[in-house]
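Chemist: Provided herewith is a single structure, encoded as structure tokens, for subsequent inquiry.
Any read-out appearing in this document is the output of simple, stated calculations on the displayed coordinates, not a laboratory observation. Computed from a predicted model, the values in this text were never measured in an experiment. In this analysis, Cβ positions are derived from the backbone assuming ideal geometry, glycine residues included, and neighbour counts consider all displayed protein chains.
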Amino acid sequence: MQIIGLCRFSYPALGGFQVEHEGVVERSAYLYDPARMDERFRHFETIILPSIAAETEKDFTFIIVIGDNLPDLYQERLFDLCADIPQITIQVHAPADHRETMQKAINTARVKSDAPCLQFRHDDDDAVAVTFVEEFKRAAMDCRPLLERNKFVAFDFPRGYVVRPDAKGLHVEETYHPFWGVALGCSVAPHIRKSIMNFAHGRMGRFMPSISFDKPVMYLRSDNDYDDSRQGPNVTQPKLKLLNKDGGQMIRDTFAVDADHIRRVFA
């Protein structure tokens, strides 16, 4: 089974955001603001990339979608950061409908249309455990009869940590949050063009059989000032605590995310 992950890196889609803008120009100006891009790159370098590079299952494709209007400075920086990770493919798309573009991005990378495809979505400031792809694949293999009877089957790993990196290191709170959009994947049957991105992550259980795993911890979900899902007035604030030495070692072992690296980058 082919495994495909998809990450939008400040792609100025039409739709797909909780923060509203009048059009592509306004959305691009917001996304490409230098202060915001600096924060996104810090998270990208210290949180997401180490975990993707360290995945124990190497046979997967990780697509990063960017806009064709992303300034050259940021494009060059992104390509440089990703150059040594063979699983990463960067796709450049003009600003367009969110779901249609993401579906196109995934299907462009899908080369085994006669077999089920395992797909997962990922934000550019989150991390998954280094065993996530391996565990996702194993779970799908264990459920082959279910996959054969359904167009889509969701696989959710809802236990993880909310995190905030800064110059002091990594602040964390353990959490359990079903269908949160991180460490969440689905199988797509052969010859089906729809993708995981055709479904709102919080509602996937309404449209397909879903399997949830109570353990292990499988993600780091970033809490930051530019997080699109945390811009509303009624968002619950996590109770974060700075990691101690033992906690830092656990995070390194589980996610390949290093608190010393975070301190250097955020200093």
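Chemist: Less than 18 Å apart at the alpha-carbon level, and either on another chain or at least 8 residues along: which aspartates and glutamates does that give for residue 151?
Modeler: Straight-distance partners of residue 151: 114, 142.
Chemist: Please list the non-local residues whose amide H lies under 5 Å from the amide H of residue 211, H modeled 1.01 Å from N, same-chain partners needing a gap of 5 or more.
Modeler: Here the answer is 154, 155, 156, since their amide H atoms fall under 5 Å of that of residue 211.
Chemist: Here is a further query. So what J values fall out for the stretch 27-36 if you push phi through Karplus, 6.51 cos²θ - 1.76 cosθ + 1.60 with θ = phi - 60°, rounded to Hz, Gly and Pro as x?
Modeler: Values, residue by residue: 5, 5, 4, 5, 5, 9, 4, x, 5, 5 Hz.
Chemist: Let me know the shape class of the stretch 58-139, please: from the alpha-carbon gyration tensor, a ≥ b ≥ c as square roots of the eigenvalues, rounded when a/c is under 1.5, otherwise prolate if a/b is greater than b/c, or oblate.
Modeler: Because a/c hits 1.5 or more and a/b fails to exceed b/c, the stretch 58-139 counts as oblate.
Chemist: I would also like to ask the following. Using only C-alpha positions, report the orientation-averaged shadow area of the convex hull of the stretch 110-217, nm², one decimal.
Modeler: The Cα convex hull of the stretch 110-217, projected and averaged over all directions, gives 7.4 nm².
Chemist: Based on Cα coordinates alone, diagonalise the gyration tensor for the stretch 144-195, multiply each eigenvalue by 5, take square roots, and list the semi-axes in whole Å, largest first.
Modeler: Details: eigenvalues 227, 28, 9 Å².
Three semi-axes, in Å: 34, 12, 7.
Chemist: Straight-line reach from residue 104: which aspartates and glutamates have a Cα under 17 Å away, not including same-chain ones fewer than 8 places off?
Modeler: 68
Chemist: Just tell me which lysines come within less than 18 Å, Cα to Cα, of residue 239; anything on the same chain fewer than 8 places away is out.
Modeler: Within the straight-line limit of under 18 Å, residue 239 reaches these lysines: 168.
Chemist: Explain nothing, just compute: Karplus ³J(HN,Hα) = 6.51 cos²θ - 1.76 cosθ + 1.60, θ = phi - 60°, for every residue of the stretch 67-75 in order, whole Hz, x for Gly and Pro.
Modeler: Per-residue couplings from phi come out as x, 6, 9, 4, x, 3, 4, 6, 4 Hz.
Chemist: Exposure proxy check: 46, 61, 56 ranked by fewest other beta carbons within 10 Å? Intermediate results must be reported in sequence, preceding the final value.
Modeler: Details: 46 22, 61 18, 56 11.
Exposure proxy ranking, most exposed first: 56, 61, 46.
Chemist: Pull out a ≥ b ≥ c, the square roots of the eigenvalues of the alpha-carbon gyration tensor of the stretch 160-267, then state rounded if a/c is under 1.5, prolate if not and a/b is larger than b/c, and oblate in the remaining case.
Modeler: Cα axes put the stretch 160-267 in the prolate bin.
Chemist: Exactly which trypsin sites (Lys or Arg not before Pro) in the stretch 59-122 are in a DSSP loop and have at most 13 other Cβ atoms within 10 Å?
Modeler: 112
Chemist: Something else about it: Would you calculate, for the chain, the mean residue ellipticity at 222 nm contributed by helices, counting each DSSP H stretch of 4 or more residues as -39,500 (n - 2.57) and dividing by all residues, to the nearest 500?
Modeler: Details: 9 runs with 82 residues, N = 267.
-8500 deg cm²/dmol, from helical runs alone.
Chemist: Non-local amide H neighbours of residue 97 (under 5 Å, H modeled in plane, Pro and chain starts lacking H): which ones?
Modeler: The answer is 14.
Chemist: Continuing with the same structure: In what order do 11, 161 fall by count of nearby beta-carbon atoms within 10 Å, going from fewest to most?
Modeler: 161, 11
Chemist: Follow-up. Among 187, 212, 222, what is the fewest-to-most ranking by other Cβ atoms within 10 Å?
Modeler: Values: 187 27, 212 14, 222 23.
So the residues, fewest neighbours to most, are 212, 222, 187.
Chemist: OK, next. Under the definition of Cα pairs under 8 Å and six or more residues apart, what whole-number percent is the relative contact order of the stretch 163-221?
Modeler: It rounds to 34 percent for the stretch 163-221.
Chemist: In addition: Once you order the gyration tensor axes a ≥ b ≥ c over the Cα atoms, which shape class does the stretch 1-129 get: rounded for a/c under 1.5, otherwise prolate or oblate by comparing a/b with b/c?
Modeler: oblate
Chemist: Kirkwood Rh and Cα-based Rg: tell me the resulting Rg over Rh for the chain, rounded to two decimals.
Modeler: 0.94
Chemist: Using square roots of five times the C-alpha gyration tensor eigenvalues, list the equivalent-ellipsoid semi-axes of the stretch 25-64 in whole Å, biggest first.
Modeler: For the stretch 25-64, the ellipsoid semi-axes come out as 28, 13, 4 Å.
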